[in-house]
Amino acid sequence: MALFDLPLPELRAYRGRSTEPEDFDAFWEHTLKESRAHELDVRFEPVDAGLTTVEVYDVTFAGFGGHPVKGWLRLPAGADEPLPLIVEFIGYGGGRGLPHQDLLWASTGRAHFVMDTRGQGSNWGGGGGTADPVGSGPAHPGFLTRGIDAPENHYYRRVFTDAVRAVEAARAHPLTDAARTVALGESQGGGITLAVGALVPDLVAVAPDVPFLCDFPRAVTLTDRHPYREVGLFLKTHRGRTAEVLRTLSYFDGVHFAARGRMPALFSTALEDETCPPSTVFAAFNAWAHEDKAIEVYEFNDHEGGGPYQEAAKLRWLRSRL
């Protein structure tokens, strides 16, 4: 796919079309307060993954509604003092995978926590292990329209709350340094990272790559790729509900979370990305409230974005921050 979105100079000025709900902050304050009424109940169980340079722990903690959420904690072998902490969130449809996977961040001498995404983990990768015990009204296959009738019922209310609790769970381990915590992720994981950057204000930095869940009004009318297309297909059947659906999604829009970002941020986007169009990413980037922010632009890439080149960019960027 050749370039299909706005020209780069216009992208750098684009601010998005999503309307922020007046009770956005109150909604999330109430949601997190409700969740924290449940004990975190975090457990770290050592796993023999056959590795010699990295130690792995199978993690369980209480997320939204006290529901059990899984994760992996990976530490450099032999660590004996608190380490800088990377908390990672996963792309759409993926799970936490297997314990021996994804060793990059632990190989840099940092603690690495990866959160399983509830109800997902069966589209790609090594699988997941976290159920989503909450049902919803009629929805299109996928996750984006689950609970679309009201923000209180929406799937991503649960996921974003899980993500905040994941940071709290990772910080509970004695070999992680809560004061040196970074959140990052790609695609859906990037969208979750934006939410966490707003809801956990004491992070050192965030790094959302090609983030999903941004500028819904533009995304759902610009691209016909999934997952955004789930919304259009739902509305194709449920005619006349556009305003209601966009209102619900506005509580989970990365643009509004970005306006509350209070730490340095490194974004990335790809100009041929039809899954998470660059204008939607720039809307969040341009809204990011902290002045120390940068965006890597990959001109001839689709949703794979920078791939290993972006990994290298993050490694360089984090040297002075973590």
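The values are calculated or read from the model by the stated rules, or taken from the named source; none is laboratory data. All figures in this text were calculated on a predicted structure; none of them were measured in a lab. Because the Cβ atoms are built from the backbone with ideal geometry, glycine has one as well, and the counts that use them run over all protein chains shown. Just the protein is used for accessible areas: all its heavy atoms, side chains included, with ligands, DNA and RNA removed. Shrake-Rupley method; radii C 1.70, N 1.55, O 1.52, S 1.80 Å.
List, in order, the whole-Hz ³J(HN,Hα) value for each residue of segment 193-207 obtained from phi through the Karplus relation with A = 6.51, B = -1.76, C = 1.60 and θ = phi - 60°; use x for Gly and Pro.
4, 4, 4, 5, x, 8, 8, 10, x, 9, 5, 6, 6, 9, 9
Taking every DSSP beta bridge with both residues inside the chain, roughly what % is antiparallel (nearest 5)? Provide the component values of the computation, followed by the final result.
Details: 18 of 42 bridges.
Percentage antiparallel, nearest 5: 45.
In the Gaussian network model of the chain, springs joining C-alpha atoms below 10 Å, which of 241, 118, 157 carries the largest mean-square fluctuation?
241
With a point put 7 Å past each Cα toward its Cβ, work out how far residue 101 is from residue 51 in nm, to one decimal.
1.3
Whole percent per 5 Å bin, from 0 to the bin with the longest distance: what is P(r) over all C-alpha pairs of segment 46-135?
3, 15, 24, 23, 18, 10, 5, 1, 0
In units of 2.2 N^0.38 Å, what is the alpha-carbon radius of gyration of the chain?
Numbers: Rg = 18.5 Å, N = 322, 2.2 N^0.38 = 19.7 Å.
Against the empirical 2.2 N^0.38 Å value, I get 0.94 for the chain.
In deg cm²/dmol, rounded to 500, what helix-only [θ] at 222 nm does the chain give when every DSSP H run of at least 4 residues adds -39500 (n - 2.57) and the total is split over its residues? Can you show the working numbers first?
Details: 11 runs with 100 residues, N = 322.
When only DSSP H runs of four or more count, the value is -9000 deg cm²/dmol.
Express the carbon and sulfur contribution to the solvent-accessible surface of the chain as a percent, rounded to the nearest whole number, probe 1.4 angstrom.
On the way: 6500 of 12820 Å².
Summing carbon and sulfur atoms, their accessible area is 51 percent of the total for the chain.
For segment 79-127 and segment 272-286, what is the separation of their C-alpha centers, rounded to whole Å?
24
Given the options 16, 142, 71, state which has the largest fluctuation in a GNM of the chain using a 10 Å cut-off (strictly under) for Cα springs.
In this elastic network of the chain, the residue with the biggest mean-square fluctuation among 16, 142, 71 is 142.
To the nearest 10 Å², what's residue 204's accessible area with a 1.4 Å probe?
Here the accessible area works out near 40 Å².
Only Cα pairs under 8 Å and at least 6 apart count here; give the relative contact order of segment 66-176 as a rounded whole percent. Mind showing how you got there, number by number?
Details: 194 pairs, mean separation 32.9, N = 111.
Reported as a whole number, the value is 30 percent.
What residues qualify as long-range amide H neighbours of residue 298, i.e. H under 5 Å apart, gap of 5 or more or another chain, H built at 1.01 Å from N?
Correct list: 269, 270, 271.
Which of 278, 217, 174 ends up with the largest GNM mean-square fluctuation for the chain, with Cα atoms connected below 10 Å?
174
State the Cα centre-to-centre distance between segment 292-322 and segment 18-73 in whole Å.
What the calculation gives is 26 Å, centre to centre.
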